[in-house]
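Here's a structure for you.
The values are calculated or read from the model by the stated rules, or taken from the named source; none is laboratory data. None of the values given here were measured: they were computed from a predicted structure. For neighbour counting, all protein chains shown are included, and Cβ atoms are generated from backbone atoms with ideal geometry for every residue, glycine included. With ligands, DNA and RNA removed, areas are computed over all heavy atoms of the protein, side chains included. Shrake-Rupley method; radii C 1.70, N 1.55, O 1.52, S 1.80 Å.
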Amino acid sequence: MSTRTLLQLLLVVQAAALVAIAFALHRWLGAAPWLAALAGLACVVVVRLAISANNFAMAARYASPAPACFALGPLARLRLFAEEFGASMLASSWFMARGSAATRIYPDSCNAPVLLLHGYVANSGYWARLTPLLDAARISHATVDLEPMIGDIDGYVPAVEKAAQALLAATGSDKLVVVAHSMGGLVARAWLRRHGTARVARVITLGTPHHGTSLARFGLGANAAQMRRTADADAPESAWLRALAASESAATRALITSIYSYHDNIVSPQTSSRLPGARNIEFGGMGHVALGSNPRVLAEVMREIGAVPARA
């Protein structure tokens with residue numbers, strides 16, 4: 001089952017729950033139809049709010065200390081939660097429920113093409129906020145749907161290689177930029193391990209658990225297992241993550257820009273996104289899903305992409 005199909009089924013289940021609650025309130029408590037429908041919708045939203053709050057609570061258990069400059073007051077924490085909840089609702093209930101892989105080519109572009117890789121249990125719809133910016137800048141780009149959604153990370157590499165070859169051929173460029181969210185950053189590194197760096201100008205990762213995340217223990221699938229952290233304080237990364245790191249040279253790491261938030265609610269400890277040898281860019285006050293829609297992060301991503309010419 002694809003992520004899009006799964007999300008559509010979940011929307012159907014939520015809609016059915018809304019209707020059932022509204023019917024019960026109208027039928028047995030005599031609530032007005034509009035009030036019953038509003039109450040049903042509120043119940044669905046409250047459940048989604050509880051899921052998001054639980055993610056923040058679990059992440060807080062394993063959180064790394066944030067520098068003083070990223071300390072948040074009560075209002076800032078409320079904004080953090082509201083932005084992350086809104087980003088999650090839009091991504092899962094609209095963008096990804098309708099998303100599919102697509103390619104846009106601008107023959108006159110002055111920039112290297114961009115390959116977009118989504119994260120765990122997501123799809124190309126995640127990039128709905130970034131692709132309009134790429135279109136406005138006339139930067140060629142392509143998205144990839146990484147399936148199966150709970151498959152092995154190395155199993156996604158052939159799809160990435162196929163998309164990279166097609167994008168380079170369509171644009172005539174000799175190098176491309178990879179932008180990857182969350183698990184997608186690990187997919188990008190696995191692709192570099194197998195196919196090398198000759199065609200890569202830059203890899204930009206957003207909230208990628210380069211050293212694993214404690215919340216992965218609650219995930220399903222081979223990919224979640226590969227992103228787990230162990231109880232070993234000396235080697236907390238999974239065996240797969242350690243092998244990936246051991247395969248990389250200093251030159252490979254120098255191609256990577258890791259952008260992350262000290263208030264990520266999925267990658268915890270949040271400093272797991274710091275990658276030695278890479279360019280690490282810190283943010284605060286934003287959650288995991290919101291990294292792909294926050295204006296400050298997107299502006300930084302566009303600056304990184306804009307610095308790469310169409311041809312070396």
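When all alpha-carbon pairs of region 1-131 are counted, what percent fall beyond 23 Å?
I get 54 percent for the Cα pairs in region 1-131 exceeding 23 Å.
Near the amide H of ILE256, under 5 Å away, which other amide H atoms are found, from residues 5 or more places off or on another chain, if H is placed in the peptide plane?
Close amide H contacts, sequence-distant or interchain: VAL203, ARG279.
Using a 1.4 Å probe over the heavy atoms of the protein chains, calculate the carbon and sulfur portion of the accessible area of the chain as a whole percent. Before the final figure, lay out each step's value.
Numbers: 8960 of 13860 Å².
Carbon with sulfur: 65 percent of the solvent-accessible area.
Counting pairs of Cα atoms in region 245-312, how many percent are more than 15 Å apart?
Details: 1327 of 2278 pairs.
Distances greater than 15 Å cover 58 percent of the Cα pairs.
Continuing with this model, one more query. Mind ranking ASP234, ASP174, ASP264 by accessible surface for me, highest first, 1.4 Å probe?
Details: ASP234 145, ASP174 70, ASP264 5 Å².
Listed by decreasing accessible area, they come as ASP234, ASP174, ASP264.
When the chain is modelled as a GNM with alpha-carbon springs shorter than 10 Å, which of MET89, MET149, MET227 fluctuates the most?
MET89
Give, in whole angstrom and from largest to smallest, the semi-axes √(5λ) of the equivalent ellipsoid of region 142-233, with λ running over the eigenvalues of the Cα gyration tensor. Could the numbers behind the result be given before it?
Working: eigenvalues 139, 36, 21 Å².
Whole-Å semi-axes of the equivalent ellipsoid: 26, 13, 10.
Still on this model: Please list, in order along region 283-292, the HN-Hα scalar couplings obtained from phi with the Karplus expression 6.51 cos²θ - 1.76 cosθ + 1.60 (θ = phi - 60°), rounded to whole Hz, x for Gly and Pro.
After applying 6.51 cos²θ - 1.76 cosθ + 1.60, I find 10, x, x, 9, x, 5, 5, 5, 4, x Hz.
From the protein chains alone at 1.4 Å, what is the descending order of accessible area for ASP145, ASP152, largest first?
Numbers: ASP145 40, ASP152 65 Å².
From most exposed to least exposed: ASP152, ASP145.
Calculate one ³J(HN,Hα) per residue across region 90-105 by plugging θ = phi - 60° into the Karplus curve 6.51 cos²θ - 1.76 cosθ + 1.60, and present them in order as whole Hz with x for glycine and proline.
In residue order, the calculated couplings are 5, 5, 7, 9, 9, 5, 6, 5, 10, x, 7, 4, 8, 10, 10, 10 Hz.
Among ALA164, ALA87, ALA22, which one moves the most in a GNM of the chain with springs linking Cα atoms closer than 10 Å?
The residue with the greatest mean-square fluctuation here is ALA22.
So what are the three principal axis dimensions of the chain from its Cα atoms, in whole Å, longest to shortest?
That works out to 70, 48, 36 Å along the principal axes.
Another question, if that's okay. For the chain, find the longest principal axis of its Cα atoms and tell me its angle to the long axis of helix 295-306, 0 to 90°, nearest 10.
It works out to around 20 degrees.
What accessible area per residue comes out for region 203-312, rounded to a whole number of Å², with a 1.4 Å probe? Show your work: numbers first, answer last.
Values: 4020 Å² over 110 residues.
That works out to 37 Å² per residue.
Under a Cβ-Cβ cut-off of 12 Å, what is the net charge of the residues other than TRP127 that fall near it, where Lys and Arg count +1 and Asp and Glu count -1?
On the way: positive: ARG104, ARG129; negative: ASP135, ASP145.
Within the 12 Å Cβ shell, the charges total 0.
Per DSSP H run of n ≥ 4, the term is -39500 (n - 2.57); total these for the chain, divide by its residue number, and report the mean residue ellipticity at 222 nm rounded to 500 deg cm²/dmol. Kindly include the intermediate steps, with their values, before the conclusion.
Values: 10 runs with 136 residues, N = 312.
For the chain, the value works out to -14000 deg cm²/dmol.
Please quote Rg/Rh for region 30-87 to two decimal places, taking the Kirkwood radius as Rh and restricting both calculations to Cα atoms. Write down the numbers at each step before the final one.
On the way: Rg = 16.2 Å, Rh = 13.8 Å.
Rounded to two decimals, Rg over Rh is 1.17.
Working with all protein chains in place, sort TYR62, TYR156 by solvent-accessible area computed with a 1.4 Å probe, largest first.
On the way: TYR62 50, TYR156 5 Å².
Correct descending sequence by accessible area is TYR62, TYR156.
Quick check: net charge around LEU192, other residues with Cβ under 14 Å of its Cβ, Lys/Arg +1 and Asp/Glu -1?
Numbers: positive: LYS175, ARG189, ARG193, ARG194, ARG199, ARG202, ARG253; negative: ASP154, GLU161, GLU248.
Here the count lands on +4.
Okay, moving on. Ordered by residue, what ³J(HN,Hα) values in Hz, to whole numbers, does region 63-75 give under the Karplus form 6.51 cos²θ - 1.76 cosθ + 1.60, where θ = phi - 60° and Gly and Pro are x?
5, 8, x, 8, x, 4, 5, 10, 5, 10, x, x, 5
Along Cα→Cβ, 7 Å out, is where each label goes; now give me the distance between the ones at ALA50 and ALA254 in nm to one decimal.
5.3
Of the beta bridges DSSP finds with both residues in region 181-312, what % are antiparallel, to the nearest 5? The partial results should precede the final answer.
Numbers: 1 of 12 bridges.
Close to 10 percent.
Sticking with this structure for a sec: Identify which of PHE70, PHE23, PHE56 has the largest mean-square fluctuation in a Gaussian network model of the chain, with springs joining Cα atoms closer than 10 Å.
So, out of PHE70, PHE23, PHE56, the one fluctuating most is PHE23.
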